[in-house]
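A.B. asks: First the structure, then my questions, so here it is.
The values are calculated or read from the model by the stated rules, or taken from the named source; none is laboratory data. Nothing here was measured: the structure is a model prediction, and the numbers come from that model. Please note: Cβ atoms are built from the backbone with ideal geometry, for glycine as well, and neighbour counts cover all protein chains shown.
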Amino acid sequence: MSAHFKETMANMPQRLQSLQSVQVGPYLRNIRLPQLPQYSQLPTTDLQGKASKLHSRNPKLVIAFLVLVFIFFWKNIIYDVGTHFVGEYKPAVDVIIDDKNPIRNRTLGFQDIFVLSLPERTDRRKPLLAGAQATDLNVTVIDAIRDRQIPVADYPEWWGTNNWVPKEGELGCLMSHLRTWKKIINENITSALILESDVDWDMRIKDSMVGLGEGVKAIADWPFEPPSHPRDFSKEVSPYGDRWDLVWLGHCGSYANGNGRIYAFNDTSAPDEEHAWSFGGGPAEGHRPPGTRIVYQFHKSVCTTGYAISNQGARKFEKLFRQANSPIDLKMWDHCVNDPELACLGVWPQIISMAESKTNIKHTEGGQAFGHEVTEERIVAGKSIQISARVNANAGTAGDPSKWIKEFENDGKKADKK
């Protein structure tokens, strides 16, 4: 049991005095605790360790007391149980591999997969398209634009204001994404996965996306509106459900809202903590059970490596970005966290990840990539990707799972590459 929970319980007598004014309302309606059968076998004691006399009291008073205690401390209790018993009680969901699941189609259950790529960056397009072919994905490349191609009249209204000086490439990046959102709106595209050109994914991506889909439905649809639990998702357009705006599944760092919900699903392609990668932070310790990916309401995400956006999400973001005054990822993060009208979800570890190349865009000057210089142009796996689509497509091993090249084993060791 955590020190935080112990301290909470120790201070309970003093805090219970404030419960007299608490109204028993709808707070319990949507709360579901994991089943912990052995807890019913624990001896009932009072806070000083003496035998409890509650059993001799009026049963209605006992129940009312327990309900009030739960209302007052439910966040602490759920956090403590969820953090320390995830492995023992197996809260993670198994992914059902069904080839008929629409998420396993050539666009991962979205209407389109768009890749934003500068026309001259064939060094990025070729390995990406090869990886898409290796995993049977149909992607549409959209030409990205540079800063100098954008008329000043088309700049976002607040661009370069508030003592912020844009860096080279930030405007072109933002406007390339904004143009894609407008395409989604104008062509009434139901949903799309938007990728940047330096990305990679695991050969088993379709399995991961099925688990993600279940997580998105579970998180975005909370709280359920009685008596519609569970909802009939078969009547909805998207296999991910229709109540989300943005799913940030490719990033350089992301962590969950501490007061939000977390959905874990078992995924053999998910890297262990030794190989999970981020330069922008990750979920708190205990949020992710071993061998899983988690879906959550995010509190932070950086890098627009890859994200899914719904039609309604594109309409909301396009309107908000008419007055953008910061890099696209920071602005998206800001809106998702602070705008109650947006339903934004994160994934950890990321399913889509960036891969380094000698010609990295100027993040830290020239061929610098997150602290070290890339001096050789070669096909390398994306960060935290175990069985790289790019690498296996380049090596000609994508078609035979027995020959797949692994970057690492999920036991803290590097894979023995042949």
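A.B. asks: Which count do you get for residues in the range 114-138 that are under 16 Å from D202 (Cα atoms) and of a type in the set (V, I, T)?
C.D. replies: So the first thing to find is which residues in the range 114-138 are under 16 Å from D202 (Cα atoms), and the list is 127-138.
After this cut, where a residue has to be of a type in the set (V, I, T) as well, the list is 135.
Of the residues in that region, 1 qualify.
A.B. asks: Looking only at the range 143-192, filter to residues that are β-branched (V, I, T) and touching a residue at least 40 places away in the same chain (Cβ under 8 Å); which one of those is nearest to G306 (Cα to Cα)?
C.D. replies: Initial filter on the range 143-192 (β-branched (V, I, T)): 145, 150, 152, 161, 165, 180, 184-185, 189-190.
Pick out the ones that are also touching a residue at least 40 places away in the same chain (Cβ under 8 Å) and you get 161, 180, 184-185, 189-190.
Details: T161: 27, T180: 13, I184: 16, I185: 19, I189: 17, T190: 17 Å.
Within the range 143-192, the match that is nearest to G306 (Cα to Cα) is T180.
A.B. asks: Another question, if that's okay. Taking the range 150-166 on its own, how many of its residues are surrounded by 12 or more Cβ atoms within 10 Å (Cβ to Cβ) and either more than 15 Å from Q323 (Cβ to Cβ) or outside the structural domain of G241 (by TED's automatic domain parsing) (or both)?
C.D. replies: 1
A.B. asks: Further question: Working only within the range 118-138, note down all residues that are assigned to a helix (DSSP H, G or I) and of a type in the set (D, E).
C.D. replies: Let us first name the residues in the range 118-138 that are assigned to a helix (DSSP H, G or I), namely 122-134.
Scanning the range 118-138 gives a single hit, D123.
A.B. asks: Taking interchain pairs and intrachain pairs at least six residues apart, which have beta carbon atoms under 8 angstrom, with the first residue in the range 309-323 and within 18 Å of T107 (Cα to Cα) and the second among the hydroxyl-bearing types (S, T, Y)?
C.D. replies: Partner pairs satisfying both residue conditions: I309/S191; S310/T190; S310/S191; S310/S238; N311/T190; N311/S191.
A.B. asks: From the list A264, A308, exactly one residue is at pLDDT below 95 and either small (G, A, S) or crowded, with 19+ Cβ neighbours inside 10 Å (or both). Which is it? Explain how you work it out, then say what you get.
C.D. replies: Details: A308 fails: at pLDDT below 95.
Only one candidate passes the filter, namely A264.
A.B. asks: From the list A314, A355, which one is buried (at least 22 other Cβ atoms within 10 Å of the Cβ), out of contact with any strand residue (DSSP E or B) (no Cβ under 7 Å at 6 or more places or on another chain) and among the hydrophobic types (A, V, I, L, M, F, W, C)? Walk me through how you get there before you give the answer.
C.D. replies: Details: A355 fails: out of contact with any strand residue (DSSP E or B) (no Cβ under 7 Å at 6 or more places or on another chain).
Result: A314 is the single residue among A314, A355 that is buried (at least 22 other Cβ atoms within 10 Å of the Cβ), out of contact with any strand residue (DSSP E or B) (no Cβ under 7 Å at 6 or more places or on another chain) and among the hydrophobic types (A, V, I, L, M, F, W, C).
A.B. asks: Among the residues that make up the range 175-189, is at least one of them more than 20 Å from G382 (Cα to Cα), among the small types (G, A, S) and loosely packed, with under 15 Cβ neighbours inside 10 Å? Before you say what the answer is, go through the steps one by one.
C.D. replies: As a first pass, look at the range 175-189 and keep what is more than 20 Å from G382 (Cα to Cα): 175-189.
In the following step, the residues that additionally are among the small types (G, A, S) were identified as 176.
Okay, now just the ones that are also loosely packed, with under 15 Cβ neighbours inside 10 Å, so none.
Scanning the range 175-189 turns up no residue that is more than 20 Å from G382 (Cα to Cα), among the small types (G, A, S) and loosely packed, with under 15 Cβ neighbours inside 10 Å.
A.B. asks: May I ask you to say which residue of S278, S269, S238 is farther than 25 Å from D99 by Cβ and hydroxyl-bearing (S, T, Y)?
C.D. replies: Working: S269 fails: farther than 25 Å from D99 by Cβ; S238 fails: farther than 25 Å from D99 by Cβ.
Every option except S278 fails the conditions.
A.B. asks: Could you tell me whether any residue of the range 199-220 is assigned by TED's automatic domain parsing to the domain that holds A343, surrounded by fewer than 16 Cβ atoms within 10 Å (Cβ to Cβ), touching a residue at least 24 places away in the same chain (Cβ under 8 Å) and not polar (S, T, N, Q)? Walk me through how you get there before you give the answer.
C.D. replies: Let us first name the residues in the range 199-220 that are assigned by TED's automatic domain parsing to the domain that holds A343, namely 199-220.
Filter once more, keeping what is surrounded by fewer than 16 Cβ atoms within 10 Å (Cβ to Cβ): none.
For the range 199-220, residues assigned by TED's automatic domain parsing to the domain that holds A343, surrounded by fewer than 16 Cβ atoms within 10 Å (Cβ to Cβ), touching a residue at least 24 places away in the same chain (Cβ under 8 Å) and not polar (S, T, N, Q): absent.
A.B. asks: Can I ask one more? Q350 fails exactly one of the following numbered conditions: (1) closer than 20 Å to R124 by Cβ; (2) at pLDDT below 95. What is the number of that condition?
C.D. replies: Of the numbered conditions (1) closer than 20 Å to R124 by Cβ; (2) at pLDDT below 95, the odd one out for Q350 is (2).
A.B. asks: Is there a residue being touching a helix residue (DSSP H, G or I) at 6+ places or on another chain (Cβ under 9 Å), surrounded by fewer than 22 Cβ atoms within 10 Å (Cβ to Cβ), touching a residue at least 60 places away in the same chain (Cβ under 8 Å) and more than 30 Å from D267 (Cβ to Cβ) anywhere in the range 235-242?
C.D. replies: Taking every residue of the range 235-242 in turn, none turns out to be touching a helix residue (DSSP H, G or I) at 6+ places or on another chain (Cβ under 9 Å), surrounded by fewer than 22 Cβ atoms within 10 Å (Cβ to Cβ), touching a residue at least 60 places away in the same chain (Cβ under 8 Å) and more than 30 Å from D267 (Cβ to Cβ).
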